[in-house]
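Contents: one structure, followed by commentary.
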Amino acid sequence: MILDVKERKCQAIKYFAEMIDPYLGKGFSICVVPSSDSSVRNNGIRYLGSKLAENGRKDRTGFLIRQFDIKKLAEGGDRRREVHYRSIRVSEELSVSGEDIFLLDDITTSGNSLLACRDVLIANGARSVEMLALGRTDEGGINLLYFISCVDFGRSNTRWLAPLFYRGFYLFKQGKCNSSMKYEVLTCEKGSPLFPKHFFERKGLPERFFYKGDISFLNDLRAVAIIGSRNAPKEAILSAYASGQYAAMEGYAVVNGLAIGCDTAALRGALSEDGKCVAILPCGLDMVVPSVNEYLAEEIFEKGGCLISEYAEGTEPEKYRYVQRDRLQSGLSEAVLLVHYGEDSGTLKTAELARKQGVKVLRYREPGKEGDRDELIPFAETIDDPEAFRMFLKNYVPGEVLVYEQIKLPFL
């Protein structure tokens, strides 16, 4: 597949773009390692970079330019980092000053080309550089999406991005998985010893649901819902990942709807610490929605987690079913953390449902937006960052917050 990218085949470029895009925060500027052949300008990796830039990012794929050829090692070429560095110049028409760069390469062996390009970008004012190579060559050939490197230049949270990429992409060495075919859909009903205790205690929750994977931990582990926007900025994605990690470290299962963006990052953070995860779907469990997260569902199963739905197999996702499933996210949880949200988002709907269920609601502080956020969810407790969230989990006593006062609407 990577060789198809090098040959600029549209299907391969689309494949990798769809795999990478959901995990790449908005706000990045996209750069690519230029071909070692200085006569080649519009190669496949540049097309891939431009494709990723279409979704809320800056296209800087033409910033780095190879000014003389670098021979392959097999041909006796000198491919040391300093040689690569000298071979690269920058475009006079583009700038990366003050920007967060996502640097993309197709195949690497030593990583010297990536590191040299990173050095050039930093020398030209880039604020930070994250690096990804689609493949790495070794004695066994090419390993797909194997080599991931993240380097932090002054922004401490960028270190969370490396495991976020790696945990997501490593499975593609074995091809796209089909988790829907590997696990049986089972039913859990009220009266079963496996039936979640919170479904007894809280109103409006189903008396029967369907699941895949292992639900035996639902009454043993405390759970926290970590949710947020699909199109969240980079900082929110990193916060969601760290929050998932801390939840797992403190012995909590992480619950959300498997959506791209903050939800996915939180699940990946928990899985990186071998935590248990619960993904609640708005459809039958013969499918995974979004389909790009099939491999993430597979890893949830492998780490002892589960997928849950109140809908039978064959049920397609509908808009209203997303709202209905939100009550299960909060209904399973001791608390709900809002990482990032808009004014009319599903995240806010989940927060309101949590309030009605007597579930603690937290949100991260967004500098400059405190007043706006207070009006949207005045009942939520504001915390500063993932470290503060970890302290909350350490000290939280179940049942401490039982019921919020019901809002009296004028037409009731």
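Quick notes on this structure:
- Cα-based shape type of the range 231-352, given that a ≥ b ≥ c are square roots of the gyration tensor eigenvalues and the cut on a/c is 1.5: oblate
- The residues neighbouring G304, those whose beta-carbon lies less than 12 Å from its own, together hold a net charge of -3 under the Lys/Arg +1, Asp/Glu -1 convention.
- The accessible area of Y396, taken with all protein chains in place and a 1.4 Å probe, comes to roughly 20 Å².
- Here the extension length gained between E201 and R222 equals 6.1 nm, from 0.36 nm per residue of separation less the Cα-Cα distance.
- Across the cross-link table entries K212/K394; K9/K234; K58/K212; K14/K394; K58/K394, which are compared at the Cα atoms, the separations over 32 Å belong to K58/K212; K14/K394; K58/K394.
- Under 5 Å, built H, 5+ apart or other chain: amide partners of G257: I280
The values are calculated or read from the model by the stated rules, or taken from the named source; none is laboratory data. None of the values given here were measured: they were computed from a predicted structure. Here the Cβ is made from the backbone with ideal geometry for all residues, glycine too, and neighbour counts use every protein chain on show. Just the protein is used for accessible areas: all its heavy atoms, side chains included, with ligands, DNA and RNA removed. Shrake-Rupley method; radii C 1.70, N 1.55, O 1.52, S 1.80 Å.
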